[in-house]
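All remarks here apply to the structure that follows.
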Amino acid sequence: MRKLRIALTKGRLERQTVALFEAVGLDCTELRNKGRRLILPVGEYETVLAKAADVITYVEHGVCDIGIVGKDTILENGKSFYEVCDLEIGKCDFCLAGKVGGDFYDGYNVKRVATKYPNVTKAFFADKGMDVKIIKIEGSVELAPLLELSDAIVDIVETGTTLKENGLEVYEKIMPVSARVIVNTASMKLRRTEIDACISKLEQAKREAVL
Ligand code: PRP
């Protein structure tokens, strides 16, 4: 049988994930010196580096047993898998934001909201019973209000630096976000013992890591 395979979100979460693994003695030498390689051994596991939305795809299709991915991506794309643990890394907030001093809720015109997260945005405004026009943007969504494409954005805010340096501010916090461990439904049945051991290790790492 192949090694248990864990899909890791590359970029933002990567450094903290490596710190977690190392906190419980998993050897991350290959991951730290990965170059352009995408599949790397970490201790007894095989890890796969992927973009957040793809982590979910690989886990849903069962080619990866476990995934480490942000709750933001789960809320936007998630369908069928188990979400088993909050790693409490990659902490940030979903926020409604716009130009400093702007009043998003002023006036009766339908507001335009730019975002990488149309499903989350739709649910947020549906909850308020408010009709908005959602504009999907792929990255650097802060550009949209600056270019007058939108009245506001819905995005994740971590340090707030990107907003600040672009003359934007948080209008409203929507919900907190952090990295979660997800598990393929079939793997959970077929490889339960190994998966439980891996989850315990990650839980232990969460307690011991100095991030
Ligand atoms: C995220 C997010 C903000 C920024 C917030 O983008 O979309 O732009 O980080 O972080 P801060 O509050 O610490 O400034 P990311 O860097 O993931 O890149 P992207 O916009 O290209 O998706």
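The values are calculated or read from the model by the stated rules, or taken from the named source; none is laboratory data. Just so you know, these numbers come straight off a predicted model, no measurement behind them. Note: ideal-geometry Cβ built from the backbone for every residue, glycine included; neighbour counts use all protein chains shown. To get the accessible areas, we keep the full protein, side chains included, count just its heavy atoms, and leave off ligands, DNA and RNA. Shrake-Rupley method; radii C 1.70, N 1.55, O 1.52, S 1.80 Å.
Put simply, of Leu96, Leu38, Leu49 the only residue that is touching a residue at least 60 places away in the same chain (Cβ under 8 Å) and out of contact with any Pro (no Cβ under 8 Å at 6 or more places or on another chain) is Leu96. The set of residues from region 1-39 being outside any helix (DSSP H, G or I), within 16 Å of the ligand (Cβ to nearest atom) and open to solvent by 70 Å² or more (accessible area, probe 1.4 Å) comprises Lys10, Arg12.
In region 115-133, is there at least one residue being among the aliphatic types (A, V, I, L, M) and within 16 Å of the ligand (Cβ to nearest atom)?
Here is the first cut: in region 115-133, the residues among the aliphatic types (A, V, I, L, M) are 120, 123, 126, 130, 132.
Next, from what is left, pick out any that are within 16 Å of the ligand (Cβ to nearest atom): 120.
So far as region 115-133 goes, yes, one or more of its residues are among the aliphatic types (A, V, I, L, M) and within 16 Å of the ligand (Cβ to nearest atom).
For region 152-166, the condition holds for no residue, the condition being that it is closer than 30 Å to Val24 by Cα, away from the ligand (no atom under 16 Å from the Cβ), surrounded by 14 or more Cβ atoms within 10 Å (Cβ to Cβ) and in contact (Cβ under 8 Å) with a residue 24 or more places away in the chain.
Give Thr121, Thr73 a once-over and let me know the one that is under 30 Å from Ile6 (Cα atoms), out of contact with any helix residue (DSSP H, G or I) (no Cβ under 8 Å at 6 or more places or on another chain) and not basic (Lys, Arg).
After applying the criteria, what remains is Thr121.
Of everything listed in (1) out of contact with any Leu (no Cβ under 6 Å at 6 or more places or on another chain); (2) not assigned by TED's automatic domain parsing to the domain that holds Glu148, the single unmet condition for Ala19 is (1).
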